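Colleague: Mind looking over this structure? Questions follow.
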Amino acid sequence: MLEAAKGYDPLLKRPLSIFRYNDGIIQFLYRIRGKGTKCISELRKDDVVQLLGPLGNCYPQPSGDFIVLAGGIGIASVFSLFEKYPGRAYVYCGSRNCEELLMLEDIKRLAKEVCVTTDDGSVCRAGLITEPFREFIESAAFSNNPLPIYACGPNPMLQVLSTIISDKKLECHVSLEEVMACGVGACLGCVCKTKSGYSRICKEGPVFKIEDIVWD
Amino acid sequence: MGLEKKNGVSKSGAGKPNLSVQIGGLKLKNPVMTASGTFGYGEEYAEFIDLNRLGAIVVKGLSPLPRQGNPVPRIIETPSGMLNAIGLQNIGVRAFISEKMPFLRQFNTPVIVNFFGDNVCEFEQAAEELSSTNGIHGLEMNISCPNKQAGWSVFGTDPKIMNEVVTAVRKKTNLPLIVKLSPNVTSIATMAKVAEDSGADAISLINTLTGMVIDVRSRKPVLANKIGGLSGPAVRPIAVRMVWEACRAVKIPVIGLGGIMETDDALEFIIAGASGIQIGTANFINPLATIQIIEGIENFMIDEGIGDINELIGSIRA
Ligand SMILES: Cc1cc2nc3c(=O)[nH]c(=O)nc-3n(C[C@H](O)[C@H](O)[C@H](O)COP(=O)(O)OP(=O)(O)OC[C@H]3O[C@@H](n4cnc5c(N)ncnc54)[C@H](O)[C@@H]3O)c2cc1C
Ligand SMILES: Cc1cc2nc3c(=O)[nH]c(=O)nc-3n(C[C@H](O)[C@H](O)[C@H](O)COP(=O)(O)O)c2cc1C
Ligand code: FES
């Protein structure tokens, strides 16, 4: 949870994934969405900000190769996996347009294979990333050698993912988002529906096994 | 002896001021408590602060049976505040007693349990079960939560119904009973008096103010529950005014809350007449808020030469 501003407007801290962590330096990769992220973008060198974290869980360690499905800024949450396990990720990365396609060169360098789509077709294949992803999952090559899947992106994308893999016994973890106030499990604001009732995304998550999630 | 001030309190800290207060038979080491629903069951903040330093811990509202709460979105930020419609999600009285009380008993800080029910009978049931539990020092009745749809807010907004439910609960408990008032009423003084006359040992106020945010593009309310409760610094002037009015209406102790972010905010309530204060939304923004405010009050007293917090309570000047 990163402080958006001094003073009380914006009031709440904003949840951001740790994009990178190296030698005591934390990096964030974020999209300016509203007031809070706008304020964060106006920070300058030597400004002091409050950070509450790290909070919540993270993706489990893959034992071998793995697949990443990332939609939009969801790439921020999975990127560190590429750096930690270079040459092992099959990356499916979707974005609205080429401006919002971030870190592509680094991803290409670190991944085993990369497939990119943009909604408007401004670069790479046009359409939703879930389509080429589906083709891969349904291919004979994949069936013979199933891999764990890690995903982060908008809920509609994750829902499509859940139907694509629903009849396959695959290990699949997704990182969820919800508006947050406390970030530590106290306010019960950030819940998602799971098979055992509501879970707090900031505390029990943000990473959940996809089979535990109940989609509305 | 140039540093000495009245009551023997000095800037050198030779004599520490007395911060302890008495609230409806409950002795607190300082007036600073947590506000229900903003501090979980205590555990959530134990890694940030020493819970032993708090005046009291007020836990998330409990009902006799567990509650799922509302769908999301449950929160939305507003100018200098936030709206919430959690929908009173809680683990239920029984699970609280077996799963959360063992943790809370480790601290030498009184535990005040906030509770509610859908009807008088549920209120009585919760009060009875909680009162027979070791380690619970006080009860706070939430008769004011604006999160529930149809009919829920009546407990705290209708004097007759409020009298009925408080009188019923009073008969079921010997623990100090705090009635938490809703600000969504025409006359807070009237409601404060009703609580006192119905047997409350203290009152706390304010709970959240009912509010709404609409997304103009989709033309839909942003919260899944449509309406929610407003908290945070935006509500503070309203809360201070209401606490001041309530203090003039009753003889029982008053606990003030609503938008307290830092020491001076807390002092406003105390000067208006509050014997205790609660910190809510501020915990989300600064998990150290409670501790910093305890220290801030102490420093203010040293600076002002006040030896006992009771001299400050209700010391508002014309
Ligand atoms: C665990 C987690 C990790 C995240 N990591 C990143 C990251 O690495 N990079 C990044 O760019 N973003 C990330 N986000 C999303 C980010 O927190 C929101 O974009 C940000 O809080 C928006 O704040 P704002 O003040 O700019 O927008 P606001 O003015 O608060 O909101 C603008 C719009 O976005 C919606 N919104 C606000 N917060 C969220 C949210 N958390 N989820 C979904 N919709 C929201 C609002 O309802 C509104 O419609 C993450 C969210 C979570 C929960
Ligand atoms: C997320 C959230 C949950 C709350 N839950 C409860 C509750 O369960 N019972 C209750 O009496 N008040 C509840 N409240 C109200 C607070 O205890 C407090 O009265 C209110 O937020 C005003 O204080 P503040 O501005 O310091 O937050 C809740 C408030 C928030 C923000
Ligand atoms: S943000 Fe408060 S419980 Fe998750």
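Colleague: How many square angstrom of accessible surface are buried between B and A, both sides summed, with a 1.4 Å probe and rounding to 100?
Modeller: Details: alone 13630 and 11810 Å², together 23080 Å².
Counting both chains, the buried surface is close to 2400 Å².
Colleague: Using the crude model of +1 on Lys and Arg Cβ and -1 on Asp and Glu Cβ, and no other charge, please compute the dipole size for the protein assembly as shown relative to its Cα centre, in debye to 20. Kindly include the intermediate steps, with their values, before the conclusion.
Modeller: Numbers: 54 positive and 56 negative charges, 91 e Å.
In debye, rounded to 20, the protein assembly as shown gives about 440.
Colleague: Same structure again: Of the DSSP beta bridges with both residues in the stretch A:66-212, give the percent that are antiparallel, rounding to the nearest 5.
Modeller: Numbers: 7 of 29 bridges.
Antiparallel bridges make up about 25 percent of those DSSP assigns within the stretch A:66-212.
Colleague: Would you rank A:GLU178, A:GLU42 by solvent-accessible area, highest first, keeping every protein chain in place and using a 1.4 Å probe? If you can, show how the numbers build up before the last one.
Modeller: Numbers: A:GLU178 40, A:GLU42 90 Å².
Largest accessible area first, the list is A:GLU42, A:GLU178.
Colleague: Roughly how many Å² of B:ASP215 are accessible to a 1.4 Å probe, to the nearest 10?
Modeller: Only protein atoms counted, so the area is about 60 Å².
Colleague: Restricting to Cα pairs below 8 Å that are 6+ residues apart, what does the relative contact order work out to for chain A? Please round to a whole percent. Walk me through the numbers before you get to the answer.
Modeller: Details: 379 pairs, mean separation 39.2, N = 216.
Averaging sequence separation for qualifying contacts and normalising by length gives 18 percent for chain A.
Colleague: To the nearest 20 Debye, how big is the dipole of the stretch B:176-231 about its Cα centre, given +1 on the beta carbon of each Lys and Arg and -1 on that of each Asp and Glu? Walk me through the intermediate numbers first.
Modeller: Working: 6 positive and 4 negative charges, 104 e Å.
Charge dipole, the stretch B:176-231, about its Cα centre: 500 debye, nearest 20.
Colleague: Between 0 and 90 degrees, rounded to the nearest ten: what's the tilt of helix B:289-304 against the longest Cα principal axis of chain B?
Modeller: Around 30 degrees separate the two axes.
Colleague: Relative to the longest principal axis of chain B, what angle (0 to 90°, nearest 10) does the C-alpha long axis of helix B:263-272 take?
Modeller: Between helix and principal axis, roughly 90 degrees.
Colleague: Suppose accessible area is computed on protein heavy atoms with a 1.4 Å probe; arrange B:VAL169, A:VAL179 from highest to lowest. Could you put the intermediate results ahead of the total?
Modeller: Details: B:VAL169 0, A:VAL179 70 Å².
The ranking, largest first, comes out as A:VAL179, B:VAL169.
Colleague: Just the Cα atoms of the stretch A:22-98, one point each, no solvent: what log10 I(q)/I(0) does Debye give at q = 0.13, 0.17, 0.23, 0.25 Å⁻¹?
Modeller: These q points yield log10 I(q)/I(0) values of -0.55, -0.90, -1.26, -1.33.
Colleague: Quick one: accessible surface of B:GLU124, probe radius 1.4 Å, all protein chains present, in square angstrom to the nearest 10.
Modeller: Accessible area, nearest 10 Å²: 50 Å².
Colleague: Moving to a separate point now. List for the stretch B:249-287: residues with 50 Å² or greater reduction in accessible area, all protein chains versus chain alone, probe 1.4 Å?
Modeller: Checking the loss per residue gives B:PHE284, B:ILE285.
Colleague: With the cut-off at 1.5 for a/c, could you classify the stretch B:73-206 from its C-alpha gyration tensor as rounded, prolate or oblate?
Modeller: Details: a/c = 1.68, a/b = 1.15, b/c = 1.45.
Oblate.
Colleague: Further question: So which lysines pass the test for A:LYS195, namely a Cα distance under 22 Å, with those fewer than 8 places away in the same chain ruled out?
Modeller: Straight-distance partners of A:LYS195: A:LYS168, A:LYS169, A:LYS203, A:LYS209.
Colleague: Return the subset of A:LYS38/B:LYS226; B:LYS16/B:LYS100; A:LYS38/B:LYS100; A:LYS13/B:LYS226 for which the Cα-Cα distance in this structure is over 31 Å, preserving the input order.
Modeller: Table pairs above 31 Å Cα-Cα are B:LYS16/B:LYS100; A:LYS38/B:LYS100.
Colleague: Same structure, new question: Rounded to the nearest Å, what's the spacing between the alpha carbon centres of the stretch B:255-279 and the stretch A:158-181? Just the number, please.
Modeller: Between the Cα centre of the stretch B:255-279 and that of the stretch A:158-181, the gap is 45 Å.
Colleague: Hey, what's the Cα Rg ratio for the stretch B:226-268 versus the globular rule of thumb, 2.2 N^0.38 Å? Present the calculation step by step, with values, prior to reporting the outcome.
Modeller: Details: Rg = 11.6 Å, N = 43, 2.2 N^0.38 = 9.2 Å.
The reported ratio for this selection is 1.26.
Colleague: Work out, step by step, the length gained on full extension between B:ALA189 and B:ILE214: first 0.36 nm times the residue separation, then minus their alpha carbon distance; give nm to one decimal. List each step's numbers first, then the result.
Modeller: Numbers: separation 25, 0.36 × 25 = 9.00 nm, distance 3.22 nm.
Gain on stretching B:ALA189 to B:ILE214: 5.8 nm.
Colleague: Within the stretch B:228-305, which trypsin sites (Lys or Arg not before Pro) sit in a loop by DSSP and count at most 14 neighbouring Cβ atoms inside 10 Å?
Modeller: Values: sites: B:ARG241, B:ARG248, B:LYS251; in loops: B:LYS251.
In loop regions of the stretch B:228-305 (DSSP not H, G, I, E or B), the sparsely surrounded trypsin sites (Lys or Arg not before Pro) are B:LYS251.
Colleague: Name the residue farthest towards the positive end of the dipole of the protein assembly as shown from the options B:ILE214, A:PRO154, B:THR109, assuming +1 on Cβ of Lys and Arg, -1 on Cβ of Asp and Glu, about the Cα centre.
Modeller: Final value for the positive-end residue is B:ILE214.
Colleague: Suppose all protein chains stay in the model; what accessible area per residue would a 1.4 Å probe give for chain B, in Å²?
Modeller: Values: 12480 Å² over 318 residues.
Per-residue value: 39 Å².
Colleague: So which trypsin sites (Lys or Arg not before Pro) in the stretch B:89-129 pass both tests, a DSSP loop state and at most 16 other Cβ atoms within 10 Å of the Cβ?
Modeller: Values: sites: B:ARG94, B:LYS100, B:ARG105; in loops: B:ARG105.
Those that pass, being in a loop and sparsely packed, are B:ARG105.
Colleague: Set the Förster distance to 25 Å, then compute FRET efficiency between B:LYS160 and A:VAL214 from the Cβ-Cβ distance, nearest 0.05. It would help to have the intermediate numbers written out before the result.
Modeller: On the way: r = 42 Å, r/R0 = 1.67.
E(calc), rounded to 0.05, equals 0.05.
Colleague: Would you mind checking which residues have amide H under 5 Å from B:GLY15's amide H? H placed 1.01 Å from N; only 5 or more apart, or other chain.
Modeller: Placed amide hydrogens put B:SER10 under 5 Å from B:GLY15.
Colleague: Here is a follow-up. Would you mind checking the tilt of helix B:188-197 against the longest principal axis of the Cα atoms of chain B, expressed as 0 to 90 degrees and rounded to 10?
Modeller: Taking the Cα atoms of chain B, the angle to B:188-197 is about 90 degrees.
Colleague: Given a 1.4 angstrom probe, what's the average accessible area per residue across the stretch A:66-212, in square angstrom? Walk me through the numbers before you get to the answer.
Modeller: Values: 6130 Å² over 147 residues.
Spelled out: the 1.4 Å probe surface of the stretch A:66-212, per residue, equals 42 Å².
Colleague: About its Cα centre, what dipole magnitude does chain B give when the only charges are +1 on Lys and Arg Cβ and -1 on Asp and Glu Cβ, stated in debye to the nearest 20?
Modeller: So the dipole magnitude of chain B works out to roughly 520 debye.
Colleague: While we're here: Using alpha carbon centroids, what distance separates the stretch A:19-77 and the stretch A:81-151, in Å?
Modeller: 19
Colleague: In whole Å, what three semi-axes, largest first, describe the equivalent ellipsoid of the stretch A:66-212 built from its Cα gyration tensor (square root of 5 times each eigenvalue)?
Modeller: Values: eigenvalues 129, 68, 43 Å².
Taking √(5λ) for each eigenvalue gives 25, 18, 15 Å, largest first.
Colleague: Something else now. Measure off, as a whole percent, the carbon and sulfur share of the 1.4 Å-probe accessible area of the stretch A:66-212, all protein chains present.
Modeller: Values: 3150 of 6130 Å².
Whole-percent figure for carbon plus sulfur exposure: 51.
Colleague: Separate question: So how far apart, in nm, are the two label points at A:ILE26 and A:ASP9 if each is 7 Å from Cα heading toward Cβ?
Modeller: 2.8
Colleague: Just the number, please: carbon plus sulfur as a percent of the accessible area of chain B, 1.4 Å probe, no ligands or DNA/RNA counted. All intermediate terms of the calculation are to be shown ahead of the outcome.
Modeller: On the way: 6410 of 12480 Å².
Carbon-and-sulfur percentage of accessible area, whole number: 51.
Colleague: Under the 0.36 nm per residue contour assumption, what length would be gained going from the current alpha-carbon distance of A:CYS98 and A:GLU83 to full extension?
Modeller: Values: separation 15, 0.36 × 15 = 5.40 nm, distance 2.26 nm.
In short, 3.1 nm is gained.
The values are calculated or read from the model by the stated rules, or taken from the named source; none is laboratory data. What you see is a predicted model; the values in this text were computed from it and never measured. Here Cβ is always computed from backbone atoms with ideal geometry, including for glycine, and neighbour counts include all displayed protein chains. What goes into the accessible areas is simple: the full protein's heavy atoms, side chains included, and nothing from ligands, DNA or RNA. Shrake-Rupley method; radii C 1.70, N 1.55, O 1.52, S 1.80 Å.
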